[in-house]
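Data first, discussion second: the structure below is written as structure tokens.
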Amino acid sequence: MTYETDQSRLEQTVIEIMGQLVKRNPGEIGLDDSLLNDLQLDSLHVLELLTLLEQRFDFETDAEDLQPSVFRTVNSVVHFVQCRISS
């Protein structure tokens, strides 16, 4: 089973990482949750999240890829990771 072919596993792993970061039960985090409003992530949390995702999924991010839209919702982060690991 790979992350590239198992979307629900990818979603679950990203949510688990976010749960650890914000000290919340992953079951309380939904794909449509806003990182800013619902999870209350600030810019430092976002950088920490990016670092954790890069380490977990073994990819690197270029500065030009860091658009605000990437970090709008949990689902947008999942999509970003999917694109990184599929390339």
Residue ID - nearest to ASN75 (Cα to Cα), chosen from residues in the stretch 8-35 that are more than 13 Å from the chain's Cα centre (by Cα) and either among the basic types (Lys, Arg) or surrounded by 12 or more Cβ atoms within 10 Å (Cβ to Cβ) (or both): GLU28
Tabulated pairs, the stretch 47-62, first within 10 Å of VAL81 (Cβ to Cβ), second among the aromatic types (Phe, Trp, Tyr), C-beta under 7 angstrom, 6+ apart or interchain: PHE57/TYR3
Per-region count, the stretch 69-87, residues more than 20 Å from ILE29 (Cα to Cα) and surrounded by 14 or more Cβ atoms within 10 Å (Cβ to Cβ): 2
Residues within the stretch 1-42 that are assigned to a helix (DSSP H, G or I), of a type in the set (S, T, N, Q) and either more than 17 Å from CYS83 (Cβ to Cβ) or free of Cβ contacts under 8 Å to residues at least 40 places away in the same chain (or both), tallied: 3
Flag if LEU66 is without any contact (Cβ under 8 Å) to a residue 40 or more places away in the chain, surrounded by fewer than 16 Cβ atoms within 10 Å (Cβ to Cβ) and farther than 20 Å from GLY30 by Cβ: yes
Matching residues in the stretch 43-66 - criterion: being under 14 Å from the mean Cα position of the chain (by Cα), in a loop (DSSP other than H, G, I, E, B) and of a type outside the set (Val, Ile, Thr): ASP58, PHE59, GLU60, LEU66
Number of positions in the stretch 69-86 that are over 11 Å from LEU10 (Cβ atoms), of a type in the set (Gly, Ala, Ser) and touching a residue at least 24 places away in the same chain (Cβ under 8 Å): 0
Checklist (1) modelled with pLDDT under 95; (2) hydroxyl-bearing (Ser, Thr, Tyr); (3) touching a Lys or Arg at 6+ places or on another chain (Cβ under 8 Å) applied to SER34, failing item: (1)
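The values are calculated or read from the model by the stated rules, or taken from the named source; none is laboratory data. Just so it is clear, the model here is predicted, and its values are computed rather than measured. Quick reminder, even Gly has a Cβ in these numbers, built from the backbone with ideal geometry, and neighbours come from all protein chains shown.
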